[in-house]
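Please treat every number below as a calculation from the coordinates, not as lab data. Since this is a predicted model, take the numbers as computed values, not measurements. Cβ: placed from backbone, ideal geometry, glycine included. Neighbour counts: every protein chain shown.
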Amino acid sequence: MTATTPRPGTRGHDHAGSFAGTPDDPRVQLDRDLGVFEPIPPYPPRTERESEFYTLRDGEMFLNMGPQHPSTHGVLRVVLKLDGEKVVDLDPVLGYLHRGVEKLCENADYHQAICYLDPLEYVSSLFCEWPGVMAFEKLLDVQVPRRAEYIRVLSGELNRVASHALFLGWMALDLGGLTPILWSFIERDEIVDMLASLTGQRMLFNYFRIGGVNGDLNHEFMSRLGDWMSKATEQIEAGNTLLNENEIFVRRMRGLGTIDSKTALRMAMSGPNLRATGVPFDVRRAHPYSIYPELDFDIPTRAEGDCLARYLLRMDEIKQSLRIIDQCLHQMPDGPVIAKLPRLLRPRPGRAYAGIEGPRGQYAAYVVSDGTDQPFRMRIHDPSFIHLQAVGVMMPGHLVADTMAVMASLDPIMGGVDK
Amino acid sequence: MALTKDPDRLGTGPEDATAVSSDATAQPSLPAVRPSDALTTPIVVRNTLWQAADPAAYDGGQPADITHLAEFGASELGRRDDARWSGVLEVIPTKADYVLDLIRMNSLWPLLSGLACCAIEMMSAATSKNDMDRWGMFPFRASPRQADVLIVAGTLTTKMAGPLVRLWEQMPEPKWCVALGDCTCSGGRYKRSYSTVEGIDRVMPVDVYVPGCPPRPEGLIYGMMKLQQLVKDRRGHWPERAIGPTVPEQV
Amino acid sequence: MDRPLKVRLERRFADQLTGPVRQRHDETEIRIGPGDVIQVITALHDEPEFRFEFLADLAGVDTGEIMQVVYHLWSTTTTDWLRVIADGLSRDDPRVPSVTFMWKGAEWMEREAYDMFGITFEGNRDLRRIYLPPDYQSFPLRKDFFLPDDAARSPGGGVRPMERTHTPRNAPPTATVRRAGA
């Protein structure tokens with residue numbers, strides 16, 4: 001596809017000062033005949049899997065759940081192969097939100113690269129920045145002050161609660177319930193306004209810095225946090241009771257999208273999706289980072305591996321997060337909140353990998369440094385990307401209406417999937 | 001009577017028909033536009049930059065046929081105070097159009113088209129704490145055929161540009177477009193990327209730009225209120241709109 | 001930093017390692033050639049003294065001179081992350097065996113490495129572009145892909161002269177940028 005100036009025979013603006021015909025003309029020509037998206041079936045099939053998928057047997061049809069869809073959690077295109085109402089196979093098509101973050105990070109400083117990491121999983125931004133700054137700190141051999149670590153954990157767990165609250169709302173919305181999403185957004189708005197008083201932003205916080213955090217706790221944040229903590233448990237219980245005792249919700253989710261632990265490990269899944277199948281793998285305990293060794297919390301695990309297990313597991317995790325927040329507040333040490341670093345950072349040439357436990361799974365960053373002030377290669381590993389592959393494993397045999405439920409239970413965020 | 005003017009000649013300029021001053025009852029058209037009129041008369045720009053996929057869409061490119069009421073209003077049959085507005089009636093509203101615009105402005109139905117992070121703030125603006133339902137914008141329609149406003153929330157990539165323009169084309173007139181967030185206004189933090197479109201005004205006409213990364217829900221609500229003002233003043237309802245930065249002549 | 005792990009790795013994979021086993025902070029790194037990938041990964045996955053059953057990440061790296069594929073693994077037997085670098089892929093035709101036989105979840109990660117670098121994973125049943133449109137011509141994360149000059153091929157940007165201020169106008173199209181550390 002090329003960007004061209006307007007086609008001959010068309011007139012530009014009638015206004016003076018327009019850019020028509022000049023080299024600065026910003027108009028782009030979309031060549032729709034080329035097909036920005038792939039038709040069904042793509043002719044000719046390029047790979048084995050494509051030719052297997054795009055061959056219809058008797059009675060089957062394709063249905064395209066296009067990039068604009070009420071509940072695809074963003075722009076995801078899923079081509080379903082249906083036999084009546086049952087899904088036989090599906091082929092997710094990604095890339096509708098691919099922004100080239102890894103390439104942009106290579107052209108930016110180490111400090112600037114953190115800004116590109118935020119909008120990946122925009123609902124849990126702090127967990128996207130965290131592995132990036134941890135990897136940079138490993139390359140620079142920087143010791144993060146303890147107070148900064150506690151603040152990171154505190155704000156991170158708040159973000160985890162907000163993210164899981166949103167998951168609850170979306171899960172119910174994809175099954176048709178319209179009330180829980182409103183309740184989730186109330187909760188999320190409270191938490192996020194709290195974090196705004198701490199970080200300055202409601203959503204893409206840009207709070208973590210290399211060597212610490214951007215600013216210390218302030219009075220407004222602490223008072224809001226105190227108010228919220230006093231009523232957080234009841235709010236969450238109310239949301240839970242609304243759904244857990246709803247027969248439609250439970251019967252639809254039970255036994256849906258089941259995956260066993262061996263398959264989950266084969267699909268490289270992590271986080272709540274893996275723990276719901278019975279594997280107690282949590283990066284905070286398996287590979288402790290930050291100050292998690294000093295905190296006392298459990299790792300909830302469930303064995304069934306279906307949507308209901310994933311949902312209940314995330315609700316358990318919210319309770320554990322509240323425990324962690326409580327302990328952080330009680331054990332908060334004094335001290336600086338950021339290590340002293342020069343503005344121009346030149347880490348040693350080498351490689352560093354940092355993986356953390358986010359609300360969706362293992363977020364990780366792999367940074368290759370060549371001694372200059374820009375990262376040579378910034379690789380971001382995102383759990384939503386991995387988990388979307390599992391939809392193809394879980395879905396066959398279920399009905400079309402359950403596609404959205406299964407996808408919602410895996411909790412993908414398309415910003416992370418597409419980077 | 002209204003269609004006697006050549007549509008190709010519409011636009012601002014000395015010999016333009018919109019230059020007729022509104023309180024001159026029986027005057028020939030004045031040679032110049034009065035400066036005070038310049039900001040209130042709508043700017044009509046013929047669209048030659050963007051074509052619908054189907055040549056028969058939008059009446060095959062003819063100007064909008066909204067003259068039924070306008071003709072009646074202009075004729076001697078209409079006993080109204082603003083019968084003196086007998087100039088170019090495509091752009092000067094009648095009382096019925098005024099009421100229609102009030103109706104439209106208070107029930108703008110957005111299309112559910114959240115692409116990225118700004119979609120969360122759009123949802124936040126629609127939910128209980130910052131309620132957009134107060135202004136009638138609660139039903140986020142899933143189908144573009146039923147929607148009025150396309151709130152583009154999130155970065156537009158080149159792969160998604162085709163489907164998004166197709167969505168825009170599927171929306172029936174009158175329709176408006178709100179660019180939410182820095183990525184849709186100008187490309188935002190992804191301006192140097194190889195796969196993003198730097199601002200949706202490269203591919204579709206935009207009415208309201210709401211900058212921010214992401215803008216607060218209150219910011220989106222302010223943008224929607226500006227859109228309502230546009231609708232009310234009929235500055236949003238142009239049958240032909242241009243794509244790209246439009247620079248009016250007097251500015 | 002798990003020193004017994006280093007000893008075990010050096011003992012078991014003495015023939016396949018192309019460099020010393022490095023450890024820093026909580027990561028252990030081994031380098032192998034692309035032909036040994038299947039053997040080493042299978043050994044790391046199955047043998048009871050290693051049992052690296054969890055694939056954490058699969059990435060491609062373009063050094064400017066060669067390409068690498070980097071696997072990150074985790075095991076219950078050690079607290080370290082293990083990094084396996086399949087080193088020495090040529091930049092003209094990088095090929096490496098696929099690990100989808102072991103982890104089906106690696107399929108999309110390999111597709112992404114193919115999309116961004118052009119690395120062909122032999123044995124991946126679905127090696128096509130995942131992020132970019134299927135008719136996209138170049139591989140963006142290669143070191144000779146300059147933002148935004150190559151981006152001029154996409155309608156998204158980089159057409160106007162004022163947008164090309166990011167790279168010098170006289171940069172050669174196939175310039176090799178920096179060399180990575182050893």
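In terms of surrounding Cβ atoms within a 10 Å radius of their Cβ, A:TYR110, C:TYR114, A:TYR289, A:TYR96 rank from fewest to most as A:TYR289, C:TYR114, A:TYR110, A:TYR96.
Order by neighbour count: C:THR63, B:THR157, A:THR301, fewest other Cβ atoms within 10 Å first, most last.
Numbers: C:THR63 21, B:THR157 31, A:THR301 18.
In increasing order of surrounding Cβ atoms, one gets A:THR301, C:THR63, B:THR157.
Within 10 Å of the Cβ of each residue in A:185-192, the mean number of Cβ atoms contributed by other protein chains is 4. Largest mean-square fluctuation among A:MET269, A:MET332, A:MET253, in a Gaussian network model of chain A whose springs join Cα atoms under 10 Å apart, belongs to A:MET332.
Per-residue packing, averaged as other Cβ atoms within 10 Å, sorts the ranges A:338-347, C:25-34 into the order C:25-34, A:338-347, beginning with the highest.
For A:ARG77, the residues 5 or more places off, or on other chains, whose built amide H falls under 5 Å of its own are A:VAL93. Coupling constants for segment A:350-363 follow from the phi torsions by the Karplus curve (6.51 cos²θ - 1.76 cosθ + 1.60, θ = phi - 60°), and in residue order they are x, 10, 8, 10, 9, x, 10, 9, x, x, 9, x, 8, 8 Hz; glycine and proline get x. Amide H contacts for C:PHE54 (H built 1.01 Å from N in the peptide plane; partners 5 or more residues away or on another chain; cut-off under 5 Å): C:TRP74. In straight-distance terms, cross-link reach from A:LYS340 covers every one of the lysines whose alpha-carbon lies under 19 Å from its own, apart from those fewer than eight places away in the same chain; here that gives A:LYS138.
Rounded, prolate or oblate: which one fits chain A, using the alpha carbon gyration tensor with axes a ≥ b ≥ c (rounded when a/c is under 1.5, else prolate when a/b beats b/c, else oblate)? Judged from the Cα gyration tensor, chain A comes out oblate (a/c at least 1.5, b/c at or above a/b).
With θ taken as phi - 60° and the Karplus curve 6.51 cos²θ - 1.76 cosθ + 1.60 applied, the whole-hertz 3J(HN,Hα) list for segment A:177-185 is x, 9, 6, x, 5, 5, 5, 4, 6 Hz, x standing for glycine and proline. Taking a sphere under 13 Å around the Cβ of A:ASN240 and counting the other residues whose Cβ falls inside, with K and R at +1 and D and E at -1, yields a net charge of -4.
Quantify how strongly other chains surround peptide A:404-416 by giving the mean number of their Cβ atoms within 10 Å of each of its Cβ atoms.
Numbers: counts 0, 0, 0, 0, 0, 0, 0, 0, 0, 3, 5, 7, 0.
Going residue by residue through A:404-416 and averaging, the value is 1.
Across peptide C:50-62, the mean count of Cβ atoms from other chains lying within 10 Å of each residue's own Cβ comes to 5. Computed from the C-beta positions of C:ASP135 and A:ASP83 and an R0 of 41 Å, the FRET efficiency is 0.85 to the nearest 0.05.
Counting only other residues whose beta carbon sits under 11 Å from that of C:ARG22, what net charge do I get with K and R as +1, D and E as -1? Could you put the intermediate results ahead of the total?
On the way: positive: A:ARG351, C:LYS6, C:ARG24, C:ARG31, C:ARG83; negative: C:GLU27, C:GLU29.
Once all neighbours under 11 Å are counted, the net charge is +3.
Computed from backbone phi, the HN-Hα couplings of segment A:232-249 come to 5, 5, 5, 4, 5, 4, 4, x, 5, 5, 4, 9, 5, 9, 9, 5, 5, 4 Hz, rounded to whole numbers (Karplus: 6.51 cos²θ - 1.76 cosθ + 1.60, θ = phi - 60°; Gly and Pro given as x). With Cα atoms defining each centre, segment C:23-46 and segment B:127-171 are spaced 48 Å apart in the structure.
Cross-link check: pairs A:LYS81/A:LYS103; A:LYS81/B:LYS191; A:LYS262/A:LYS319; A:LYS103/B:LYS159; B:LYS159/B:LYS226 evaluated at a Cα-Cα cut-off of 26 Å; pairs beyond the cut-off: A:LYS81/A:LYS103; A:LYS81/B:LYS191; A:LYS262/A:LYS319; B:LYS159/B:LYS226. Here the dipole of segment A:314-392 is about 300 debye; that uses its Cα centre as origin and unit charges on the Cβ of Lys and Arg (positive) and Asp and Glu (negative).
Between the DSSP loop rule and a limit of at most 13 other Cβ atoms within 10 Å, which trypsin sites (Lys or Arg not before Pro) in segment A:178-256 are left?
Working: sites: A:ARG188, A:ARG202, A:ARG209, A:ARG224, A:LYS231, A:ARG251, A:ARG252, A:ARG254; in loops: A:ARG202, A:ARG254.
Loop-located and lightly packed - A:ARG254.
Based on C-alpha pairs under 8 angstrom that are at least 6 apart in sequence, segment A:334-394 has a relative contact order of 26 percent. With contacts taken as Cα pairs under 8 Å at a separation of at least 6 residues, chain A carries a relative contact order of 22 percent.
Legend: ranking of residues B:TYR190, B:TYR209 from fewest to most surrounding C-beta atoms inside 10 Å; resulting order B:TYR209, B:TYR190.
Taking H placed 1.01 Å from N in the peptide plane, check which residues at least 5 places from C:GLY88 or on another chain put their amide H under 5 Å from its amide H. Those qualifying (amide H under 5 Å, at least 5 residues apart or on another chain) are C:MET67. Each label was represented as a point 7 Å from its Cα along the Cα-to-Cβ direction; for B:GLN146 and C:ARG22 these points are 5.9 nm apart.
Other residues within the sphere of radius under 14 Å centred on the Cβ of A:SER124, judged by their own Cβ, net out at -2 (K and R +1, D and E -1).
With coordinates expressed along the principal axes, the C-alpha atoms belonging to segment C:1-69 extend over 36, 26, 25 Å, beginning with the largest.
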